[in-house]
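Only one structure is covered here, and it is reproduced in the block below.
The values are calculated or read from the model by the stated rules, or taken from the named source; none is laboratory data. Quantities reported herein were computed from a predicted structural model and do not represent experimental measurements. Positions of Cβ are generated from backbone atoms using ideal geometry, with glycine treated the same way; all protein chains shown enter the neighbour counts. Only protein heavy atoms, including side chains, enter the accessible area calculation; ligands, DNA and RNA are left aside. Shrake-Rupley method; radii C 1.70, N 1.55, O 1.52, S 1.80 Å.
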Amino acid sequence: MPVVSAPYDFNQGDLFVDLESVCGYPLYLKCEAFNFAGSIKLKAAREMVESAERDGVLAPDSVLVESSSGNLGVALGMIAASKGYRFLCVTDSRCNLSTRLLIEALGNEVHIVADQDSNGGFLGARIEYVRALCASDDRYVWLSQYTNEGNWRAHYRTTGPEIARQFPELDVLFVGAGTTGTLMGCARYFRQWHRPVRIVAVDSAGSVAFGGEPGRRMIPGLGMSMRPPLLDESFVDEVIRVEETDTIRMCHRLARRGYLFGGSTGTVVSAATGWLARHEGRAVTAVAIAPDLGERYLDTVYQTNWLQDLYGDQTLDSLEAGR
């Protein structure tokens, strides 16, 4: 049994779920939520904070500030609380209520941006608020998950090797794309692996991360309203975009088998299942990454009124039909 003296020292990295009985195709899901921050973002948060400490960027009176749709905010808030820093999370109305309350429960502040940017998202407005804040007071330190190479280095050092140890014959890896830190870290790691691994990036429909027209996105986690600065498409073999209604259906499908996962996981598993269906007959070892669990989505993805207001009766009817 591990004994830790800091909350960020514990992170279960070798738990995988065999989803073949749920999805009908051989697919292993890497579960990244079993740590005190509750998501994969703990890895990037720790790498970025400790790099800033080594570089002398952080001082005892520093105030960490970051733009986040939720999970990175929780991870940074937990680390800040443990290390004695103040932390301000800049988010928007799509951030789940439970996530905002969790960040505040850790002793941190949350600022909600209401204005959308030119692509119909909130990211641009969030970043402008952070920049203005940093310009007003040099105690504010912005780690910038969107440009910080520690974001992808964390997964190059941890997530990629964790998958490789369990699945040395890996053929295809499905990774959700937000900041693309997880995607780029894993893709760079497997580019050097002993066998070719197909890297499939999974994006939300309406995201412009890989180009295309912007559209409405209501489920936080994946997708961007700008091109991610960390993204290098030469490491990506294929991109799959998933509609939010398909995300919701997959989340509920998993929940009915006892697996309560978050929206990002529903998106990635939906994409992986579709890919495996199109390549049926090929014997492949396939892994997908689940960034978090579903408790923080109980008032959104799993809440009937929220679903009905945003997606209409047809989505609800399809969920009922799938029971």
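Entry remark, the range 65-98: residues being in contact with a Cys (Cβ under 9 Å, 6 or more places away or on another chain) and either open to solvent by less than 10 Å² (accessible area, probe 1.4 Å) or among the hydrophobic types (A, V, I, L, M, F, W, C) (or both) number 12 in total.
Among the residues of the range 1-21, just one is in contact with a Phe, Trp or Tyr (Cβ under 8 Å, 6 or more places away or on another chain), outside any strand (DSSP E or B) and open to solvent by 70 Å² or more (accessible area, probe 1.4 Å), namely Pro2. Residues in the range 174-184 include none that are more than 18 Å from Arg227 (Cβ to Cβ), open to solvent by 50 Å² or more (accessible area, probe 1.4 Å) and under 16 Å from the mean Cα position of the chain (by Cα). Taken over the range 160-175, the criterion of being under 26 Å from Ala277 (Cβ atoms) and either basic (Lys, Arg) or touching an Asp or Glu at 6+ places or on another chain (Cβ under 8 Å) (or both) is satisfied by Gln166 alone. Is one or more of the residues making up the range 196-212 in a helix (DSSP H, G or I), small (Gly, Ala, Ser) and in contact (Cβ under 8 Å) with a residue 24 or more places away in the chain? The answer is no; no qualifying residue exists. The set of residues from the range 145-164 being open to solvent by less than 30 Å² (accessible area, probe 1.4 Å) and in contact (Cβ under 8 Å) with a residue 40 or more places away in the chain comprises Gln145, Tyr146, Gly150, Asn151, Ala154, His155, Thr159, Ile163. Scanning the range 1-21 for residues that are more than 24 Å from Leu76 (Cβ to Cβ), modelled with pLDDT of 95 or more and among the hydrophobic types (A, V, I, L, M, F, W, C) gives Phe16, Val17, Leu19.
Of the residues making up the range 266-323, those that are acidic (Asp, Glu), open to solvent by 30 Å² or more (accessible area, probe 1.4 Å) and either outside any helix (DSSP H, G or I) or closer than 13 Å to Cys251 by Cβ (or both) are Glu280, Glu295, Asp299. Residues that are under 23 Å from Gly294 (Cα atoms) and surrounded by fewer than 21 Cβ atoms within 10 Å (Cβ to Cβ): does the range 205-214 have at least one? Within the range 205-214 (the criterion being under 23 Å from Gly294 (Cα atoms) and surrounded by fewer than 21 Cβ atoms within 10 Å (Cβ to Cβ)), the answer is yes, since at least one residue qualifies. When the range 123-132 is filtered for residues that are surrounded by 17 or more Cβ atoms within 10 Å (Cβ to Cβ) and either touching an Asp or Glu at 6+ places or on another chain (Cβ under 8 Å) or farther than 23 Å from Ser207 by Cβ (or both), the ones remaining, listed by number, are Leu123, Gly124, Ala125, Arg126, Val130. Across the range 190-199, which residue is nearest to Met226 (Cα to Cα) among those that are surrounded by fewer than 23 Cβ atoms within 10 Å (Cβ to Cβ) and of a type outside the set (Lys, Arg)? Step by step, filter the range 190-199, then rank; the result is Ile199.
Considering the range 133-144, and only residues there that are of a type outside the set (A, V, I, L, M) and open to solvent by less than 50 Å² (accessible area, probe 1.4 Å), the residue that is nearest to Leu76 (Cα to Cα) turns out to be Ser144.
Exactly one residue among Glu50, Glu109, Glu149 is touching a strand residue (DSSP E or B) at 6+ places or on another chain (Cβ under 7 Å) and of a type in the set (D, E, K, R), and that residue is Glu109. One residue stands out among those in the range 221-257 that are among the hydroxyl-bearing types (Ser, Thr, Tyr) and open to solvent by less than 20 Å² (accessible area, probe 1.4 Å): the one that is nearest to Asn148 (Cα to Cα), which is Ser225. One residue alone among Glu128, Glu47, Glu53 is in contact (Cβ under 8 Å) with a residue 12 or more places away in the chain, on the phi < 0 side of the Ramachandran plot and among the acidic types (Asp, Glu), and that residue is Glu47.
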